[in-house]
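The values are calculated or read from the model by the stated rules, or taken from the named source; none is laboratory data. As the structure is a prediction and not an experimental result, all values here were calculated from the model. Cβ placement follows ideal geometry from the backbone for every residue including glycine, while neighbour counts extend to all protein chains displayed.
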Amino acid sequence: MSTAKATAKPAAKKGKVAPTSSVTLHGLSPYVEIKNEEYMNENQREHFKQILKAWRHELMEEVDRTVTHMKDEAANFPDPADRATQEEEFSLELRTRDRERKLIKKIDKTLIRVEDDDYGFCDQCGIEIGIRRLEARPTADLCVDCKTLDEIKEKQLTGG
């Protein structure tokens, strides 16, 4: 991704990315909506596509770093405590990477939704999820109200 897209111009009439600020989303500035702008128009979809791709790229780099780290740091320590410490460290890293692998799959599914013009609307009630919520969680597929209800139902079922 070129840095030209990451450092955006001030918002114009078409609805653009905000000027570079201290808050960035995977290297991209938040989207600035303009008055009466159509929700999930081409500019917004492109903005979220860039966010999702940048996030996916960051996660893939982490996978590569983990593989390199585990190869470089793998040692057969004579001391059982040292060996156990290293195995626990590797285990934690692998669990983290497994969670990230699942997140990469979710990002890929979300990118397909963006391409199919099905992105940004709640899967349960069909209303707009909202630009700010999507920037906070680009893979969100439920609006705040439906997500809240889901969490309440889950709490009731699990008793927690």
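Which residue pairs have Cβ atoms closer than 7 Å, lie 6 or more positions apart in sequence or on different chains, and pair a first residue in the stretch 132-160 that is of a type in the set (D, E, K, R) with a second residue that is part of a helix (DSSP H, G or I) and surrounded by 11 or more Cβ atoms within 10 Å (Cβ to Cβ)?
That search, which allows pairs on different chains as well, returns ARG133/VAL144.
Here's a check for you: in the stretch 121-144, which residue that is among the small types (Gly, Ala, Ser) and farther than 22 Å from LEU59 by Cβ is surrounded by the most Cβ atoms within 10 Å (Cβ to Cβ)?
Among residues in the stretch 121-144 that are among the small types (Gly, Ala, Ser) and farther than 22 Å from LEU59 by Cβ, the one surrounded by the most Cβ atoms within 10 Å (Cβ to Cβ) is GLY130.
Whether any residue in the stretch 33-55 is over 23 Å from TYR119 (Cβ atoms), of a type in the set (S, T, N, Q) and either modelled with pLDDT of 80 or more or over 21 Å from the mean Cα position of the chain (by Cα) (or both) is what I want to check.
Scanning the stretch 33-55 turns up no residue that is over 23 Å from TYR119 (Cβ atoms), of a type in the set (S, T, N, Q) and either modelled with pLDDT of 80 or more or over 21 Å from the mean Cα position of the chain (by Cα) (or both).
Within the stretch 98-116, does at least one residue satisfy the condition of being closer than 30 Å to HIS47 by Cβ and not in a helix (DSSP H, G or I)?
The answer is yes, given that some residue of the stretch 98-116 is closer than 30 Å to HIS47 by Cβ and not in a helix (DSSP H, G or I).
Quick one: what pairs do we get from the stretch 84-104, first residue surrounded by 11 or more Cβ atoms within 10 Å (Cβ to Cβ), second modelled with pLDDT of 95 or more and among the β-branched types (Val, Ile, Thr), C-beta under 8 Å, 6+ apart or different chains?
Hits for this filter: LEU103/THR139.
For ARG65, indicate whether it is more than 30 Å from MET40 (Cα to Cα) and either surrounded by 14 or more Cβ atoms within 10 Å (Cβ to Cβ) or in contact (Cβ under 8 Å) with a residue 60 or more places away in the chain (or both).
no
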